[in-house]
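Student: Have a look at the structure that comes next, please.
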Amino acid sequence: MDRKVAVLLNEQINKEFYSAYLYLDIANFYTKKGLDGFANWYEVQAKEEQDHAMLMYRYLQNNGEEVTLEAIDKPDKIFDTLMDPLKAALSHERYVTSLINTIYGVAQEEKDFRTTQFLDWFVKEQGEEEKNSMDQITKMELYGDDSRSLYMLNSELAARVYSAPSLVL
Ligand code: FEO
């Protein structure tokens, strides 16, 4: 595998674990606010982020590359309103999309088509994650100020169940 691609993928493992940490922090915020459905949704999201990290970890190992685990940053976002974490999540997902796109671009330049094929799943996944985030912001804008509607929205998010990623290495 191209050295630059391997280094970027190794760095991305850390970013994905940071994403899990950020979403756990968001879940913790909503638990404190008494919104267990929102907390559930972000706890499931944190598990998905760990899966993303593990897929990259295994992919590097399967290709004979070194994996080096670095320290995970402390989540440092300050949340005041119920909307704040939703906006933080969207901006974080957009950032992650830009990182995946960068790795994809380098892999393409280096003709590392095994990696571009591996990353195709992540490109699609980022589209879904940004849409989920945008939908949550829209719903909070529409219903967040009404306690009964917020209760319903919380119940909807409580129904999310974790399932393992569809990508198998
Ligand atoms: Fe692993 Fe939410 O991107």
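The values are calculated or read from the model by the stated rules, or taken from the named source; none is laboratory data. Bear in mind the structure is a predicted one, so any value in this text is a computation, not a measurement. Note that we place each Cβ from the backbone using ideal geometry, even for glycine, and neighbour counts take in every protein chain shown. Heavy atoms of the whole protein, side chains included, go into the accessibility calculation; ligands, DNA and RNA do not. Shrake-Rupley method; radii C 1.70, N 1.55, O 1.52, S 1.80 Å.
Student: Just grab the label-to-label distance for ASP145 and ARG94, each label 7 Å out from Cα along the Cβ direction, in nm (one decimal).
Tutor: With each label placed 7 Å out from Cα toward Cβ, I get 2.4 nm.
Student: Can you send over the carbon and sulfur percentage of the accessible area for the chain, probe radius 1.4 Å, protein chains only?
Tutor: Result for the chain: 51 percent of the exposed heavy-atom area is carbon or sulfur.
Student: Solvent-accessible area per residue for the chain at a 1.4 Å probe radius, Å²?
Tutor: Averaged over the residues of the chain, the accessible area is 56 Å².
Student: Modelled label-to-label distance, THR68 and ARG114, 7 Å Cα→beta-carbon offset: nm?
Tutor: Using points 7 Å along Cα→Cβ, the separation is 2.2 nm.
Student: Okay, next question. Among residues other than ALA71 whose Cβ falls under 13 Å from its Cβ, what is the net charge (Lys/Arg +1, Asp/Glu -1)?
Tutor: Here the charged neighbours net out to -1.
Student: For the chain, with only Lys/Arg (+1) and Asp/Glu (-1) charged at the beta-carbon, what is the dipole magnitude about the Cα centre, in debye rounded to 20?
Tutor: About 140 debye.
Student: Quick one: go through segment 29-44 and flag any residue whose amide nitrogen is under 18 Å from the point 7 Å out along the Cα-to-Cβ line of ILE137.
Tutor: Under cut-off, by backbone N: 42.
Student: Something else about it: Please compute the contact order of the chain in relative form: average sequence separation of alpha-carbon pairs under 8 Å and at least six residues apart, divided by the residue count, as a percent.
Tutor: Here the relative contact order equals 32 percent.
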